Amino acid sequence: MSTATLSRPLVSLALPQSGAARYVSLALLALAGTLILTLSAKTKVVFGPVDMSLQTLAVLAIAAAFGRRLAVATLVLYLAQGAIGFPVFQSSPEKGIGIAYMLGTTGGYLAGFVVMAAIVGWAADRGWDRNPVKLFAAMVLADFVMLAMGAAWLATFLGTAGAWQFGVAPFIVPDLIKAALAAAVVPAVWSLLARR
């Protein structure tokens, strides 16, 4: 696909066009994204092997607003912060920190967040972030992939039935609601900016 079909993500409207200021702005956005991811992870409901949080909503919104490259970079930075021991994950430090936590029951979901960001960011780069139906479809696909990755990893701890019971089924409806919310908000912001 040619670069002519690419669109600018939402955050590009606030970025300097070139120079060092652009790279500093990108770095600050990535850091802000990791802070949002951390706060969303800590907003949780204890559920079992995998707790429910606002993190899926945060990943979807960041990816739709940032575009693929910056969203993936933000998620990789977030995972790097966790890997070196910062308590950025959902149940850290109480359930461990660093690589040991990442290799626990939620490891597949953490990896899935990067893929989720790539899928939604790819869609945003193609202008789908201006259309709630297209954006919702991309977000549902991304969420499905993330849940599949998480469940596949969780199955090594709980078996296939346990992974479905604790790692997929409870999250289907809440994740659809989060995707619908994110898919409504980002195009709404574009619409407001277009009026101005």
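Looking only at the range 87-101, which residues are of a type in the set (A, V, I, L, M) and either farther than 19 Å from MET52 by Cβ or touching a Pro at 6+ places or on another chain (Cβ under 7 Å) (or both)? I'd like the intermediate steps shown before the answer.
Initially, the range 87-101 is screened for residues of a type in the set (A, V, I, L, M), giving 88, 97, 99-100.
If the condition is that a residue be of a type in the set (A, V, I, L, M) and either farther than 19 Å from MET52 by Cβ or touching a Pro at 6+ places or on another chain (Cβ under 7 Å) (or both), then ILE97, ILE99, ALA100 are the ones that fit.
Determine the pairs where a residue that is among the charged types (D, E, K, R), located within the range 151-176, has a partner that is assigned to a helix (DSSP H, G or I) with Cβ atoms under 8 Å apart, the partner being 6 or more residues away or on another chain.
From the range 151-176, the pairs are ASP175/THR56; ASP175/ASP143; ASP175/LEU147.
Could you list, in sequence order, all residues of the range 66-91 that are touching a residue at least 40 places away in the same chain (Cβ under 8 Å), of a type in the set (Gly, Ala, Ser), assigned to a helix (DSSP H, G or I) and over 16 Å from LEU6 (Cβ atoms)?
ALA73
Can you list residue pairs whose Cβ atoms sit under 7 Å apart, with the first residue in the range 10-28 being under 23 Å from ARG126 (Cβ atoms) and the second being aromatic (Phe, Trp, Tyr)? Count only pairs 6 or more apart in sequence or on different chains.
Within 7 Å, the pairs are LEU10/TRP190; VAL11/PHE66.
Inside the range 45-58, can you point out the residues that are in contact with a helix residue (DSSP H, G or I) (Cβ under 8 Å, 6 or more places away or on another chain), touching a residue at least 40 places away in the same chain (Cβ under 8 Å) and of a type outside the set (Phe, Trp, Tyr)? Talk me through it step by step, then tell me what you get.
Kept after step one, since they are in contact with a helix residue (DSSP H, G or I) (Cβ under 8 Å, 6 or more places away or on another chain), are these residues of the range 45-58: 47-50, 52-58.
Then keep just the ones that are touching a residue at least 40 places away in the same chain (Cβ under 8 Å); that gives 47-50, 52, 54-57.
Residues satisfying the conditions are GLY48, PRO49, VAL50, MET52, LEU54, GLN55, THR56, LEU57.
On the basis of being in contact with a Pro (Cβ under 8 Å, 6 or more places away or on another chain), part of a helix (DSSP H, G or I) and either closer than 30 Å to LEU6 by Cα or at pLDDT 95 or above (or both), does LEU135 make the cut?
Working: in contact with a Pro (Cβ under 8 Å, 6 or more places away or on another chain): yes; part of a helix (DSSP H, G or I): yes; either closer than 30 Å to LEU6 by Cα or at pLDDT 95 or above (or both): yes.
Against the criterion (in contact with a Pro (Cβ under 8 Å, 6 or more places away or on another chain), part of a helix (DSSP H, G or I) and either closer than 30 Å to LEU6 by Cα or at pLDDT 95 or above (or both)), LEU135 qualifies.
For LEU37, state whether it is farther than 13 Å from VAL88 by Cβ and either under 16 Å from the mean Cα position of the chain (by Cα) or in a helix (DSSP H, G or I) (or both).
Considered against the rule, which asks whether it is farther than 13 Å from VAL88 by Cβ and either under 16 Å from the mean Cα position of the chain (by Cα) or in a helix (DSSP H, G or I) (or both), LEU37 comes out as no.
Being within 15 Å of the chain's Cα centre (by Cα) and at pLDDT 95 or above narrows it down to one residue among LEU79, LEU54; which is it? Full working, then the answer.
Values: LEU54 fails: at pLDDT 95 or above.
Of the residues listed, the single one that is within 15 Å of the chain's Cα centre (by Cα) and at pLDDT 95 or above is LEU79.
Can you confirm whether ASP143 is of a type in the set (Asp, Glu) and either more than 19 Å from ARG68 (Cα to Cα) or under 14 Å from the mean Cα position of the chain (by Cα) (or both)?
Values: of a type in the set (Asp, Glu): yes; either more than 19 Å from ARG68 (Cα to Cα) or under 14 Å from the mean Cα position of the chain (by Cα) (or both): yes.
It is true that ASP143 is of a type in the set (Asp, Glu) and either more than 19 Å from ARG68 (Cα to Cα) or under 14 Å from the mean Cα position of the chain (by Cα) (or both).
For the range 172-196, give me each residue that is farther than 22 Å from TYR109 by Cβ, of a type in the set (A, V, I, L, M, F, W, C) and loosely packed, with under 11 Cβ neighbours inside 10 Å.
Across the range 172-196, the qualifying residues are LEU192, LEU193, ALA194.
For the condition part of a helix (DSSP H, G or I) and without any contact (Cβ under 8 Å) to a residue 12 or more places away in the chain, what is the one hit in ALA61, ALA32? Explain how you work it out, then say what you get.
Details: ALA61 fails: without any contact (Cβ under 8 Å) to a residue 12 or more places away in the chain.
Within the list ALA61, ALA32, the selection yields ALA32.
When you go through LEU29, LEU35, LEU15 one by one, which is the residue that is surrounded by 11 or more Cβ atoms within 10 Å (Cβ to Cβ) and at pLDDT below 90? Write out each step before concluding.
Numbers: LEU29 fails: at pLDDT below 90; LEU35 fails: at pLDDT below 90.
When all the criteria are applied, what remains is LEU15.
Determine whether the range 90-103 contains at least one residue that is β-branched (Val, Ile, Thr) and within 24 Å of GLY167 (Cα to Cα).
To start, the set of residues in the range 90-103 that are β-branched (Val, Ile, Thr) comprises 97, 99.
The next check asks that each one be within 24 Å of GLY167 (Cα to Cα); those that pass are 97, 99.
Yes, that holds for at least one residue.
Taking the options ALA118, ALA151, name whichever one is surrounded by fewer than 19 Cβ atoms within 10 Å (Cβ to Cβ) and at pLDDT 95 or above. I'd like the intermediate steps shown before the answer.
On the way: ALA151 fails: surrounded by fewer than 19 Cβ atoms within 10 Å (Cβ to Cβ).
The unique qualifying residue is ALA118.
The values are calculated or read from the model by the stated rules, or taken from the named source; none is laboratory data. Source: prediction; values computed, not measured. Quick reminder, even Gly has a Cβ in these numbers, built from the backbone with ideal geometry, and neighbours come from all protein chains shown.
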